[in-house]
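Asker: Please find one structure pasted underneath; my questions will follow.
The values are calculated or read from the model by the stated rules, or taken from the named source; none is laboratory data. Everything numeric here is computed off the predicted structure, so don't read it as measured data. No Cβ is skipped: glycine too gets one built from the backbone with ideal geometry, and neighbour counts run over all protein chains shown.
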């Protein structure tokens, strides 16, 4: 093979390699990265869309975004940012047409076990784990039986949402009754629950926003063996089916100053 033939074969390879190198340098250029991120900041939707929290759902944009994020390069990438920018807009448009977060009013339930941490210190890990499993089974069963959706489990409690306010209260009351049958090494757990009606902001598989914070504060104000609801919930309940206590002001940071809550129970 002559020198001319060797050079003819070598040059195309060098050209491809050069183009690949140029594209790589362009994809990493700081000024273009900054421009891509600024574009995402200006576009509608969640500019952080693409992280595990925002893509945990089953919406098409979230599913595609998980695939894109899984291909995240070991370096910062302009193309990666632009790909997520397109998905960010897609997700935003889905939400605007009623297929995303914040488009529905829901009952938001929080539960936890009162005094569990103190008991667990003395009972030990094995007993504590056994209790958490037993309590979780009955509480989650009550939620699912009333068409609730478990959003997340949080140690000795959970967060759930319900499309129907009455169902949320019935689920909490049923869970409390069922929990009365749970006993581990002579200890019977006591649950408290708080429910608020609002329009939480959906982010992936989770819910965030003011209404979620209010629901958590309502739960935090409840006593052992008590289901506490906000006045927004109380207005939507059939008071022939549940009995309500006296309304009182909720004194908790991050809640409206005129917020009222009331305990509910079965007649």
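Asker: Quick check, is residue 223 free of Cβ contacts under 8 Å to residues at least 24 places away in the same chain, in the same structural domain as residue 114 (by TED's automatic domain parsing) and over 18 Å from the mean Cα position of the chain (by Cα)? So that I can check it myself, show each step before the final result.
Answerer: On the way: free of Cβ contacts under 8 Å to residues at least 24 places away in the same chain: no; in the same structural domain as residue 114 (by TED's automatic domain parsing): yes; over 18 Å from the mean Cα position of the chain (by Cα): yes.
Here the answer is no, as residue 223 does not meet what is asked.
Asker: Kindly provide the set of residues from the stretch 1-36 that are modelled with pLDDT of 70 or more and in contact with a helix residue (DSSP H, G or I) (Cβ under 6 Å, 6 or more places away or on another chain), ordered by number.
Answerer: 32, 33, 36
Asker: Any residue at all in the stretch 146-162 that is part of a helix (DSSP H, G or I) and in contact (Cβ under 8 Å) with a residue 12 or more places away in the chain?
Answerer: No.
Asker: Working carefully through the options 191, 176, find the one that is in contact with a helix residue (DSSP H, G or I) (Cβ under 9 Å, 6 or more places away or on another chain), part of a helix (DSSP H, G or I) and either touching a residue at least 60 places away in the same chain (Cβ under 8 Å) or buried (at least 20 other Cβ atoms within 10 Å of the Cβ) (or both). Give the derivation first.
Answerer: Details: 191 fails: part of a helix (DSSP H, G or I).
The match here is 176.
Asker: Give the residues of the stretch 108-133 that are surrounded by fewer than 16 Cβ atoms within 10 Å (Cβ to Cβ) and either over 26 Å from residue 162 (Cα atoms) or touching a helix residue (DSSP H, G or I) at 6+ places or on another chain (Cβ under 7 Å) (or both), sorted by residue number. It would help to see each step written out before you state the result.
Answerer: First pass over the stretch 108-133, keeping only residues surrounded by fewer than 16 Cβ atoms within 10 Å (Cβ to Cβ): 115, 117-118, 121-122, 124-126, 129-130, 133.
Result: 115, 117, 118, 121, 122, 124, 125, 126, 129, 130.
Asker: Next up: Residue under question is residue 145, and the condition is that it be modelled with pLDDT under 95 and touching a helix residue (DSSP H, G or I) at 6+ places or on another chain (Cβ under 8 Å); does it hold? Working first, answer last.
Answerer: Values: modelled with pLDDT under 95: no; touching a helix residue (DSSP H, G or I) at 6+ places or on another chain (Cβ under 8 Å): yes.
Taking the combined requirement at face value, the residue does not satisfy it.
Asker: Also: Name the one entry in 229, 182 that is part of a strand (DSSP E or B), at pLDDT 90 or above and either outside the structural domain of residue 153 (by TED's automatic domain parsing) or surrounded by 15 or more Cβ atoms within 10 Å (Cβ to Cβ) (or both).
Answerer: On the way: 182 fails: part of a strand (DSSP E or B).
Checking each option against the conditions leaves just 229.
Asker: In the same structural domain as residue 119 (by TED's automatic domain parsing), closer than 21 Å to residue 131 by Cβ and in a strand (DSSP E or B) - does that describe any residue in the stretch 202-216?
Answerer: Step one: of the stretch 202-216, the residues in the same structural domain as residue 119 (by TED's automatic domain parsing) are 202-216.
Then drop every residue that is not closer than 21 Å to residue 131 by Cβ, which leaves none.
Within the stretch 202-216, not a single residue is in the same structural domain as residue 119 (by TED's automatic domain parsing), closer than 21 Å to residue 131 by Cβ and in a strand (DSSP E or B).
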